[in-house]
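Shown next, in structure tokens, is the structure this report addresses.
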Amino acid sequence: MALVLFLALSLAVTLLAVIVVKQRARYDWLSERVRMVIDSSRENTANLKDLTQDVRVVDGVVAAATRWPSTPTIRRWSEPTERVVLLLPGAAYHLPEVTRLADVLASREVPVRLASGRPHWLRLEAGARWITEDVYDLPSPDQLGEDVSAVVTLKDWGGYGDVVAAAKARGIPTFAKVEGAQDFNDVDTGQDRKPYTHADHILCQGQNDFDALTGSRFIIGSSRLERLWSAPPAPRPPARAIINVNFTYGVLDSARELYTESAIEGCRIAGIPYTLAIHPAEYAIKSAHTSTIPISRLLDVGTVLISRFSTVPFEAMARDIAFIYHNPHGEKVPTFQNPEGAFDVSTNAAELGEAIAQNGPGKDVRKRSATFFAKQVDMDPQRSSAERTADVINSTTTRFSKV
């Protein structure tokens, strides 16, 4: 019996030792991975100008800050003293849309309130440092009542789907503003989201969105992108490719390695330095030259954007930065399948290398992409996107009177 106990104890100790060694090895690997990413980010940011706290990003454009960034907090939901239009951003880049809309509505004496679900706050917090508006906890569906005159969200499914459904059930008008490039028919997502089909009214960026959707919909443009397009192009830095890596939320996850490796090889063929821009929801890539700096900042030091399906190409075109649609994995979402001369398309490293060589400095990207861009992002020189959005809300909502 003693021998059996001894053997059992010895086996347990051995197994524990193996587990400790394996965990230690994984800890060492993770530590090395973190160190590599940090060192690589330092290397790639060494030449970025003014990457300090006294610099802020306004719609992707670096500008001197007038104050130190605040430490954002999310306030507990409380009953408003008057009916409010509830604005629901889901990410930091949504804030230019909702804050400008808030300003226009307020100028028309329409009260507003920004709110965020806790999961969305993780993506919102960094941008919230630069706004003056309070952000409240997302009210539960049961808390939606007479104190809300309308709900405006940039996503009418997922985390905000329940709020949209509850508002509609209570007769509260709901609006969903298309947040950017969108796989409306879930061609590549492998999901059944049915985006922008749940709210009463859909606010489209351009004709492309309008044609892809049905029901009550209005073309109102994009506050962020129209301002980027109208701003003077910034002087371009030395040649550098920015590779957008955004295989997130389980979409085409298996294509990540093929896309990334072929993009890197294309840059090597072209003889151009590159930086991998890692999406906030993307896990660490096993490669040097990575950066988790927001891609809008990285575009300041890039001369060409290499990207799969994403909203970022719209930003590059608006900022007069060359864009190459790299699709070695064969994604099928139609947005960038017909470039209309606006950008080059590559399906392997050799094609990408050639495309990079053809997109050197001195190209008038805005002129080249004007027709394509106009279908994606409608712009009215007489009225801003925020004003057009407010017009739609005003014309379809009759609940603005005080409680």
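The values are calculated or read from the model by the stated rules, or taken from the named source; none is laboratory data. Computed from a prediction, not measured in an experiment: that's the story for all the values here. For neighbour counting, all protein chains shown are included, and Cβ atoms are generated from backbone atoms with ideal geometry for every residue, glycine included.
So, in region 331-363, of the ones that are assigned to a loop (DSSP other than H, G, I, E, B) and under 23 Å from the mean Cα position of the chain (by Cα), which residue ends up farthest from E257 (Cα to Cα)?
So in region 331-363, the residues assigned to a loop (DSSP other than H, G, I, E, B) come out as 331-333, 337-343, 347-348, 358-363.
Within this subset, residues satisfying the condition of being under 23 Å from the mean Cα position of the chain (by Cα) are 331-333, 337-339, 342-343.
Numbers: E331: 14, K332: 18, V333: 19, Q337: 22, N338: 25, P339: 25, A342: 27, F343: 23 Å.
Checked region 331-363; the qualifying residue farthest from E257 (Cα to Cα) is A342.
Does region 271-287 include one or more residues that are among the acidic types (D, E), more than 14 Å from A241 (Cβ to Cβ) and either buried (at least 23 other Cβ atoms within 10 Å of the Cβ) or at pLDDT below 80 (or both)?
Looking only at region 271-287, we keep the residues that are among the acidic types (D, E), and these are 282.
Narrowing further to those that are more than 14 Å from A241 (Cβ to Cβ): 282.
Then keep just the ones that are either buried (at least 23 other Cβ atoms within 10 Å of the Cβ) or at pLDDT below 80 (or both); that gives 282.
Within region 271-287 (the criterion being among the acidic types (D, E), more than 14 Å from A241 (Cβ to Cβ) and either buried (at least 23 other Cβ atoms within 10 Å of the Cβ) or at pLDDT below 80 (or both)), the answer is yes, since at least one residue qualifies.
Quick check on region 107-115. Is at least one of its residues in contact with a helix residue (DSSP H, G or I) (Cβ under 8 Å, 6 or more places away or on another chain), in a helix (DSSP H, G or I) and either within 19 Å of G221 (Cβ to Cβ) or not assigned by TED's automatic domain parsing to the domain that holds E146 (or both)?
no
Of the residues L154, L138, L122, L114, which single one is in contact with a strand residue (DSSP E or B) (Cβ under 8 Å, 6 or more places away or on another chain) and over 30 Å from D380 (Cβ atoms)?
Unique residue meeting the criteria: L138.
Tell me which of these T389 doesn't satisfy, since it passes every other one: (1) among the hydroxyl-bearing types (S, T, Y); (2) in contact with a strand residue (DSSP E or B) (Cβ under 9 Å, 6 or more places away or on another chain); (3) not assigned by TED's automatic domain parsing to the domain that holds R217.
(3)
Quick check on this structure: which one of S262, S310, S291, S254 is within 28 Å of P119 (Cβ to Cβ) and modelled with pLDDT of 80 or more?
Details: S262 fails: within 28 Å of P119 (Cβ to Cβ); S291 fails: modelled with pLDDT of 80 or more; S254 fails: modelled with pLDDT of 80 or more.
S310 is the lone residue from the list that is within 28 Å of P119 (Cβ to Cβ) and modelled with pLDDT of 80 or more.
Under the condition of being part of a loop (DSSP other than H, G, I, E, B) and aromatic (F, W, Y), which residue from region 125-181 is farthest from P195 (Cα to Cα)? Steps first, answer last, please.
First pass over region 125-181, keeping only residues part of a loop (DSSP other than H, G, I, E, B): 129-134, 138-140, 144-147, 154-157, 170-173, 178-181.
Of the ones still in play, those that are also aromatic (F, W, Y) are 130, 157.
Details: W130: 29, W157: 6 Å.
This residue is W130.
In region 71-99, what count of residues is obtained for those that are within 14 Å of L154 (Cα to Cα) and not hydrophobic (A, V, I, L, M, F, W, C)?
Number of matching residues: 7.
Just the residues that are outside any strand (DSSP E or B) and touching a Gly at 6+ places or on another chain (Cβ under 8 Å), please, taken from region 201-221.
Correct list: Q205, G206, G221.
Is it true that some residue in region 123-134 is modelled with pLDDT under 95 and among the aromatic types (F, W, Y)? I'd like the intermediate steps shown before the answer.
Within region 123-134, the first condition is being modelled with pLDDT under 95, and the residues that meet it are 123-134.
Retained after the next criterion (residues that are among the aromatic types (F, W, Y)): 130.
Among the residues of region 123-134, at least one is modelled with pLDDT under 95 and among the aromatic types (F, W, Y), which makes the answer yes.
What number of residues within region 304-325 are part of a loop (DSSP other than H, G, I, E, B) and either crowded, with 21+ Cβ neighbours inside 10 Å or under 16 Å from the mean Cα position of the chain (by Cα) (or both)?
Narrowing region 304-325 to residues part of a loop (DSSP other than H, G, I, E, B): 308-311, 319-321.
Within this subset, residues satisfying the condition of being either crowded, with 21+ Cβ neighbours inside 10 Å or under 16 Å from the mean Cα position of the chain (by Cα) (or both) are 308-311, 319, 321.
Number of matching residues: 6.
Testing P328 on (1) surrounded by 18 or more Cβ atoms within 10 Å (Cβ to Cβ); (2) part of a helix (DSSP H, G or I); (3) touching a strand residue (DSSP E or B) at 6+ places or on another chain (Cβ under 9 Å), one condition comes back false. Which one is that?
Against the list (1) surrounded by 18 or more Cβ atoms within 10 Å (Cβ to Cβ); (2) part of a helix (DSSP H, G or I); (3) touching a strand residue (DSSP E or B) at 6+ places or on another chain (Cβ under 9 Å), P328 comes up short only on (2).
Starting from residues that are surrounded by fewer than 19 Cβ atoms within 10 Å (Cβ to Cβ) and in contact with a His (Cβ under 8 Å, 6 or more places away or on another chain), keep the ones in region 158-167 and report whichever is farthest from T397 (Cα to Cα).
By that ranking, first place goes to G159.
What are the pairs, 6+ residues apart or on separate chains, where a residue within region 179-197 that is not assigned by TED's automatic domain parsing to the domain that holds H329 has its Cβ under 8 Å from a residue that is outside any loop (DSSP other than H, G, I, E, B) and loosely packed, with under 15 Cβ neighbours inside 10 Å?
Cβ pairs passing all conditions: V187/P334.
Does region 241-248 include one or more residues that are touching a His at 6+ places or on another chain (Cβ under 7 Å) and closer than 20 Å to P339 by Cβ? Quick ask: steps written out before the conclusion?
The first filter runs over region 241-248 and keeps only residues touching a His at 6+ places or on another chain (Cβ under 7 Å), leaving 245-246, 248.
Subsequent filtering for residues that are closer than 20 Å to P339 by Cβ retains 246.
Taking every residue of region 241-248 in turn, at least one turns out to be touching a His at 6+ places or on another chain (Cβ under 7 Å) and closer than 20 Å to P339 by Cβ.
Determine whether region 244-251 contains at least one residue that is in a loop (DSSP other than H, G, I, E, B), surrounded by 19 or more Cβ atoms within 10 Å (Cβ to Cβ) and modelled with pLDDT of 90 or more. Quick ask: steps written out before the conclusion?
Step one: filter region 244-251 for residues in a loop (DSSP other than H, G, I, E, B), giving 246-251.
The next check asks that each one be surrounded by 19 or more Cβ atoms within 10 Å (Cβ to Cβ); those that pass are 246-247.
Restricting the remaining residues to those that are modelled with pLDDT of 90 or more gives none.
No.
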